[in-house]
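Peer 1: Quick one: the structure is below, questions incoming.
The values are calculated or read from the model by the stated rules, or taken from the named source; none is laboratory data. A quick note: this is a predicted structure, and the numbers were derived from the prediction, not measured. A quick note on method: Cβ atoms are made from the backbone with ideal geometry, for glycine too, and the neighbour counts reach across all protein chains shown. Calculation scope for accessible area: heavy atoms of the full protein, side chains included, ligands and nucleic acids excluded. Shrake-Rupley method; radii C 1.70, N 1.55, O 1.52, S 1.80 Å.
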Amino acid sequence: MEKKEFILTKKIAKHGKQSILVIPRMLEQELKPRTMVKVTIEILREVENPEGAA
């Protein structure tokens, strides 16, 4: 199987109290259930005043 690489720049979303990453629908066929992926997170910019911060 050939190695495929996709680079995404995303904003972290919120789902209730959890922070989540939403994967674009265009990758739906590439990222089927049971597909093994490598995820590396590099923080590009931190939020200055996050919601609920004092």
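Peer 1: Specify which residue in the list LEU21, ILE41, THR9 is farthest towards the positive end of the charge dipole of the chain, using unit charges on the beta carbon of Lys, Arg (+1) and Asp, Glu (-1), about the Cα centre.
Peer 2: LEU21
Peer 1: Let me ask something else about it. Below 14 angstrom from the Cβ of ARG25, what's the summed charge of the other residues (Lys, Arg +1; Asp, Glu -1)?
Peer 2: Computed value for this residue: 0.
Peer 1: State the percentage of accessible surface on the chain attributable to carbon and sulfur atoms; use a 1.4 Å probe and exclude ligands, DNA and RNA.
Peer 2: Numbers: 3370 of 6420 Å².
Answer for the chain is 53 percent, counting heavy atoms of protein chains only.
Peer 1: Work the Kirkwood hydrodynamic radius out for the chain: mean of 1/r over every pair of different alpha-carbon atoms, inverted, in Å.
Peer 2: Here the Kirkwood hydrodynamic radius works out to 14.0 Å.
Peer 1: Heavy-atom accessible area of LEU8 with all protein chains present, probe 1.4 Å, nearest 10 Å²?
Peer 2: Counting only protein heavy atoms, the figure is 80 Å².
Peer 1: To continue, here is another question. Could you list which residues have their amide H under 5 Å from that of ILE23, counting only those 5 or more apart in sequence or on another chain, with H placed in the peptide plane?
Peer 2: Distant-sequence amide H within range of ILE23: zero hits.
Peer 1: Give the accessible area for ILE7 in Å² (nearest 10); use a 1.4 Å probe, count only protein heavy atoms, and leave out ligands, DNA and RNA.
Peer 2: 140 Å²
Peer 1: Each residue of the stretch 39-48 in turn: what ³J(HN,Hα) in whole Hz from Karplus with 6.51, -1.76, 1.60 and θ = phi - 60°, glycine and Pro shown as x?
Peer 2: 10, 10, 10, 10, 7, 8, 7, 8, 6, 6
Peer 1: Can you give the FRET efficiency for GLU46 and ARG25, using 1/(1 + (r/R0)^6), R0 = 30 Å, r = Cβ-Cβ distance, to the nearest 0.05?
Peer 2: The calculated FRET efficiency here is 0.60.
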